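I have placed the structure first, in the form of structure tokens, so that the comments after it can refer back to it.
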Amino acid sequence: MTDMSDRVALVTGASSGIGRATARAFAAKGARVVLAARRKHELDKLVTEIEGQGGKATAIKTDVSAAQDVEKMVAHAIEVFGRLDYAVNNAGIEGQWAGITDLTEDEWDRVLDINLKGAFLCMKHEARAMLDGGHGGAIVNIGSVNSFLGFQTGSAYVASKHGLIGLTTSVSAELAPQGIRVNLVCPGFIDTPMHRRAREIVGDELYDEGLIPNVHLQRAGRPEEIAQSIIFLCSDEASYITGTTLTPDGGYTLTI
Ligand code: NAP
């Protein structure tokens, strides 16, 4: 597998769950890692952990829905490590679960601003840095099985994740001639704080007896397993893959 020791990877939403596991996986491959999220104290703990294992990492407090923050995040990556090779736009929220007649405009905006506009803002600045670097790069956005499937009371989340398909395919076509690949990873049920909150709402019984049996592998995934899909799409082994989706969901979306 690709030696990433001369590469720089940026991960948004690195303070928890899939983002944290992805940052650790990049560091394990030797990459220097830029960690972004709103909870800086969580990022600082991860920097200490990575550096304690001989890696290199830096943290920057970022709200991906704020254009200025995102611009500063990418500038920080270049300032500290001098280049940007990989960017993982993973930050996301599930929002409040509400039927369409109860969903407020504010909540719709909050979910779309973080999940969809956030990915747009991140790619805008990440792509600029990669183009300026002149050495290509790889961007991975994080969708969901809800990039393909709806669920009742989840319309804002589902719309944001569907939107990421169009955003990813369009930007991949724009950047391919410059050697920048852009792909979408669409996880199924993955055991993270977000997932645990959803499980609480659904209830243990419906979750264990109604949902998990539809996963062919009969279990939720681990964040580390999603990190490996992301690392693969960034690696040189995926050099001919762009504009596509990879769905590590244990077979869930194959089930009718
Ligand atoms: P998580 O544990 O709740 O982590 C979400 C991450 O996003 C946190 O690090 C959070 O950090 C960050 N974040 C949220 N809003 C942000 C903002 N405005 N600016 C910057 N960072 C922000 O959830 P997760 O399960 O790892 O989810 C990661 C991604 O995977 C999300 O896009 C999610 O939709 C997707 N996904 C998850 C599952 C699953 O089953 N877990 C399935 C499909 C897709 P701060 O709070 O510190 O800002």
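Structure above, values below:
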quantity	calculated
Long-range HN-HN contacts of Val88 with modeled amide H, under 5 Å	Leu10, Val11, Thr12, Val140
Sites matching trypsin sites (Lys or Arg not before Pro) across the stretch 164-233 that sit in DSSP coil, with at most 13 neighbouring C-beta atoms within 10 Å	Arg219
0 to 90° range, to nearest 10: angle between helix 67-81 axis and the chain longest Cα axis	40 degrees
The stretch 2-11 - phi-based ³J(HN,Hα) in whole Hz, Karplus 6.51/-1.76/1.60, Gly and Pro as x	3, 7, 9, 5, 9, 10, 10, 10, 10, 10
Residues Tyr157, Tyr86 arranged by fewest to most Cβ contacts within 10 Å	Tyr157, Tyr86
Cut-off under 5 Å, modelled amide H: who pairs with Ile190 long-range	Gly221
Backbone HN-Hα couplings from phi across the stretch 203-218 [Karplus 6.51/-1.76/1.60, Hz, Gly and Pro as x]	x, 4, 5, 5, 5, 6, 9, x, 9, 4, x, 7, 8, 4, 7, 6
Low-density loop positions, chymotrypsin sites (Phe, Trp or Tyr not before Pro), the stretch 111-155 - DSSP coil, at most 15 other Cβ in 10 Å	Phe151
Residue order, fewest to most beta carbons within 10 Å, for Glu51, Glu209	Glu209, Glu51
CD proxy at 222 nm, helix term only [per DSSP H run n ≥ 4: -39500 (n - 2.57); per residue of the chain; nearest 500]	-13500 deg cm²/dmol
Angle in degrees between helix 223-234 and the longest Cα principal axis of the chain, rounded to the nearest 10	50 degrees
Vicinal HN-Hα couplings computed from phi for the stretch 18-31 (Karplus, 6.51 cos²θ - 1.76 cosθ + 1.60; Hz; Gly/Pro x)	5, x, 5, 5, 5, 4, 4, 5, 4, 4, 5, 8, x, 6
Partners for Lys29 among lysines (Cα-Cα distance below 23 Å; same-chain residues under 8 apart left out)	Lys45, Lys56
Gain in span if fully extended, His216 to His41, counting 0.36 nm per residue against the direct Cα distance	59.2 nm
Amide H within-cut-off set for Ala59, under 5 Å, with H built and near neighbours excluded	Leu35
Those lysines that a straight Cα-Cα span of less than 19 Å connects to Lys161, excepting residues fewer than 8 apart in one chain	Lys117, Lys124
FRET efficiency estimate (nearest 0.05) - Cβ-Cβ, Ala173 to Leu254, R0 30 angstrom	0.60
Length gained when the stretch Asp236-Glu224 is fully extended (0.36 nm per residue, less Cα-Cα span)	2.3 nm
Pair Arg110, Val202: separation of 7 Å Cα→Cβ label points (nm)	2.3 nm
Cα long-axis angle, helix 193-202 against the chain (0 to 90 degrees, to the nearest 10)	10 degrees
Convex hull volume per residue for the chain, taking Cα atoms only, in Å³	123 Å³
In Å, descending, principal axis extents of the Cα set of the stretch 89-178	48, 23, 16
Rg/Rg_ref, the stretch 203-256, where Rg_ref = 2.2 N^0.38 Å and atoms are Cα	1.41
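No lab work stands behind these numbers, since they all come straight from the coordinates. Given the structure is predicted, the values throughout are model-derived calculations rather than measurements. Note that each Cβ is placed from the backbone with ideal geometry, even for glycine, and that neighbours are counted across all protein chains shown.
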